[in-house]
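Below you'll find the structure, written out as structure tokens, and then a few comments.
The values are calculated or read from the model by the stated rules, or taken from the named source; none is laboratory data. All figures in this text were calculated on a predicted structure; none of them were measured in a lab. We place every Cβ from the backbone using ideal geometry, glycine too, and count neighbours over all the protein chains shown. For the accessible areas, the whole protein counts, side chains as well, though only heavy atoms, and no ligand, DNA or RNA atoms are used. Shrake-Rupley method; radii C 1.70, N 1.55, O 1.52, S 1.80 Å.
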Amino acid sequence: MASVAELVRAGIQQLSDTSDSARTDVEVLLCHLLKKPRSFLFTWPEHEVSPAQTQQFYDWLTQRCEGQPVAYLIGRRHFYSHEFLVSADTLIPRADTEILVDAVLARLPDKAACRVADLGTGTGAIAISLALARPHWLLEAVDFSVAILDLVQRNVSRLKADNVCILQSNWCARLQGKFDAIVSNPPYIAEDDRHLQQGDVRFEPRSALTAGADGLDDIRIIVEQSKAHLHHKGLLALEHGYDQGEAVREIFSAHGYARIETLLDLGGRDRVTLGYAD
Ligand SMILES: C[S@@+](CC[C@H](N)C(=O)[O-])C[C@H]1O[C@@H](n2cnc3c(N)ncnc32)[C@H](O)[C@@H]1O
């Protein structure tokens, strides 16, 4: 039988040519396999791993060498300190998107029973994180894919986000009534962007990633449609590409939104644009 220390060493060696996060990948895979915290790997390096678990670990390493994201291998990813189930039907939540959650929490009144829609909810990461931070708000988690809505329901149940309702809709088409805020991390990559051939995005569905020739098709639709669904002074907050800030501000402005601003991501680049309906 192989020990934890042997598997850590072998895993890092196997991934070192193909992954620039080899050590982290190995630690995440082993912790998930053994159902132990990261500290276990250092406290019990001599712990013997069963042959079946060892085989599973090597199968994952092979898939990781082929480029499969670790989150898809273990079916989980942390976002805003919560563990979300993920599937190949949608995007793996990204740390940069936490900025969108922070921005909405900072701008809407804490105590009021705000109504917020998350368009293109994917795993439900944004809607559920907002719902757990503000249990008296009402969140509507919207996506057009039935497979995704099943995943959202499982995340809602596991995380006990009782103030989230789930709606199948093509952007705002089936929204009812008005909202205090509409938020979205929509697809925003240009269809011919060379980054689509690199890293994790190769394995993520195109329907979650691309939006026309300049990547802005869905943002144009959401900005236009949202106006009819926002209360007076309601907030629209959208994530976008690092080089799309100016174009997104112009789209907001063309539709009459006020107090438009763009927030930076963890790397100091344009990432989230906000505006208020008149
Ligand atoms: C970039 S992913 C974002 C997922 C999640 N909100 C997150 O931040 O991790 C975009 C999501 O928009 C959904 N989507 C794409 N087109 C849509 C449409 N016309 N109506 C509703 N949702 C759509 C996709 O299914 C996908 O889940």
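If you place +1 on the Cβ of every Lys and Arg, -1 on the Cβ of every Asp and Glu, and leave all else neutral, what size is the dipole of the stretch 1-141 about its Cα centre, to the nearest 20 Debye? Display every interim value, and only then the final one.
Details: 13 positive and 17 negative charges, 94 e Å.
Magnitude of the dipole: close to 460 debye.
Quick one: if you take sqrt(5λ) for each eigenvalue of the C-alpha gyration tensor of the stretch 29-180, what semi-axes come out, biggest first, whole angstrom? Please report the intermediate quantities before stating the final value.
Numbers: eigenvalues 240, 63, 29 Å².
In descending order, the three semi-axes are 35, 18, 12 Å.
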Farthest positive-ward along the chain dipole, Cα basis, beta-carbon charges - from H78, A95, V156:
V156
Taking the Cα centre of the stretch 54-132 as origin, sum charge times position over the Cβ atoms of Lys and Arg (+1) and Asp and Glu (-1), and report the length of that vector in debye to the nearest 20.
180
Just to be sure I understand the curve: with the Debye formula and one point per C-alpha of the stretch 115-268, what is log10 I(q)/I(0) at q = 0.09, 0.17, 0.21 Å⁻¹?
-0.29, -1.05, -1.45
Would you tell me the accessible area of F144, worked out with a 1.4 angstrom probe on the heavy atoms of the protein chains, in Å² to the nearest 10?
120
Name the residues of the stretch 239-278 whose amide N is less than 18 Å from a point 7 angstrom out from the Cα of Q198 along the C-beta direction?
241-244, 266-270
Estimated inter-spin distance, H232 and Q168, nm [label 7 Å along Cα→Cβ]:
3.8
What whole-number distance in Å separates the alpha-carbon centres of the stretch 181-224 and the stretch 32-92?
27
Counting only protein heavy atoms and using a 1.4 Å probe, what share of the accessible area of the chain belongs to carbon plus sulfur, as a whole percent?
50
Cβ-based charge dipole, the chain, positive-most Cα from V272, A247, G11
V272
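With a cut-off of 8 Å between alpha carbons and a minimum separation of six or more residues, what is the relative contact order of the stretch 2-67 in percent?
Details: 55 pairs, mean separation 33.1, N = 66.
Value for the stretch 2-67: 50 percent.
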Highest-fluctuation residue, R194, R134, R249 considered, GNM on the chain with Cα pairs under 10 Å
R194
Residue with peak Gaussian network fluctuation, the chain [Cα springs, cutoff 10 Å], from A211, A127, A117:
A211
For the pair Q55 and K111, what calculated FRET efficiency results from E = 1/(1 + (r/R0)^6), where r is the Cβ-Cβ distance and R0 = 45 Å, to the nearest 0.05?
0.25
With the contact rule set at Cα under 8 Å and sequence spacing of 6 or more, what percent relative contact order holds for the stretch 223-270?
40
Looking at the chain, I'd like the Rg to Rh ratio, where Rg is from alpha-carbon atoms and Rh is Kirkwood's inverse mean 1/r.
1.02
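Looking at the stretch 76-276 only, what percent of DSSP beta bridges run antiparallel? Nearest 5 please.
On the way: 14 of 34 bridges.
Of all bridge pairs located within the stretch 76-276, approximately 40 percent are antiparallel.
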Farthest positive-ward along the chain dipole, Cα basis, beta-carbon charges - from V116, Y188, P51:
V116
Spin-label model distance (nm) - Q13 vs T62, 7 Å beyond Cα toward Cβ:
1.9
Let me confirm the definition first: pairs of Lys residues in the stretch 76-276, 8 or more apart or on different chains, C-alpha distance under 20 Å. How many are there?
4
Once you've got the GNM for the chain with C-alpha springs shorter than 10 Å, pick whichever of R158, R38, R76 has the biggest mean-square fluctuation.
R38
Give me the dipole magnitude in Debye, nearest 20, for the chain about the Cα centre, with unit charges on the beta carbon: positive for Lys and Arg, negative for Asp and Glu.
940
Rounded to the nearest 10 Å², the 1.4 Å probe accessible area of R220 is 90
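For the stretch 2-67, what does the accessible surface come to per residue with a 1.4 Å probe? Please give it in Å². Numbers along the way, then the final one.
Values: 3760 Å² over 66 residues.
Ligands and nucleic acids excluded, the result is 57 Å² per residue.
Kindly provide the Kirkwood hydrodynamic radius of the stretch 2-67 in Å, to one decimal, from all pairs of distinct alpha carbon atoms. Could the numbers behind the result be given before it?
Details: mean 1/r = 0.0860 Å⁻¹.
Final number for the Kirkwood radius of the stretch 2-67 is 11.6 Å.
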Compute the normalised compactness of the stretch 111-163: alpha-carbon radius of gyration over 2.2 N^0.38 Å, N being the residue count.
1.04
What do you get when you divide the Cα radius of gyration of the stretch 234-278 by 2.2 N^0.38 Å, with N the number of residues?
1.06
